[in-house]
Amino acid sequence: MSNSIICTPIVKKFTMLASLLLPATLYAADYEAGHQALELWNDEAKANVPEAVKIWLTVMMVTFVSGLIFVWKHVPARWVVGGVLLSVGGGGLIAEALGLVVLSGYVALLHLIFWSPGLFFLIRERAISKGVSLYSVWAAVTTLVIIVSFFFDIRDASIYLKHMLA
């Protein structure tokens, strides 16, 4: 029995269940592109964000990508990098499977879901308390980046969830 035979009915049932839970079908044409919770997060939105947001996105990208240096020796780095890869790579697949429009609030919700384990392990490990090293500096910066991001993500994800459940 192949995986596609097993997975297809499961995926169909999950998609059907999810569609029952969603109150209304969303259409991309109903939204403007932008970085606010109920705006489309697409190429146009990314190109037109304020300069400060572009700088922040670059800081986040550099911080998370630099975590690849540490994934072989440090569990928190694995969780951080894995969470980022899942939120970026899996977010589109999840949206497509559930028929969701990718709004900025949806992206914020993905951050909260997939980045939380990495933040947990970073905080639990307290790498900076074990002395200064390249890894401990990365861990401290990454912890700060995730916490600052969550400050905005919590707000946007709650707006998005209220919208979806209304």
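Neighbour counts of C-beta atoms inside 10 Å place PHE121, PHE151 in the sequence PHE151, PHE121, starting with the fewest. The modelled label-to-label distance for the pair SER133/ILE55, using points 7 Å beyond Cα in the direction of Cβ, is 3.2 nm. Subtracting the Cα-Cα distance of SER116 and PHE152 from their residue separation scaled by 0.36 nm leaves 11.5 nm. For a modelled paramagnetic label at VAL88, 7 Å from Cα along Cα-to-Cβ, the residues of the stretch 126-166 in reach, with backbone nitrogen under 19 Å, are 138-139, 141-150, 153. With neighbours defined as other Cβ atoms within 10 Å of a residue's Cβ, the residues ASP43, ASP153 order from fewest to most as ASP43, ASP153.
Name all residues of the stretch 57-93 having a backbone nitrogen under 11 Å from the label point set 7 Å from the Cα of VAL141 along its Cα→Cβ direction, giving them as ranges. So the set is 59-67.
Where a number appears in this text, it was derived from the coordinates with a stated rule and is not lab data. For clarity, every value in this text was computed on a predicted model and none was experimentally measured. Note: ideal-geometry Cβ built from the backbone for every residue, glycine included; neighbour counts use all protein chains shown.
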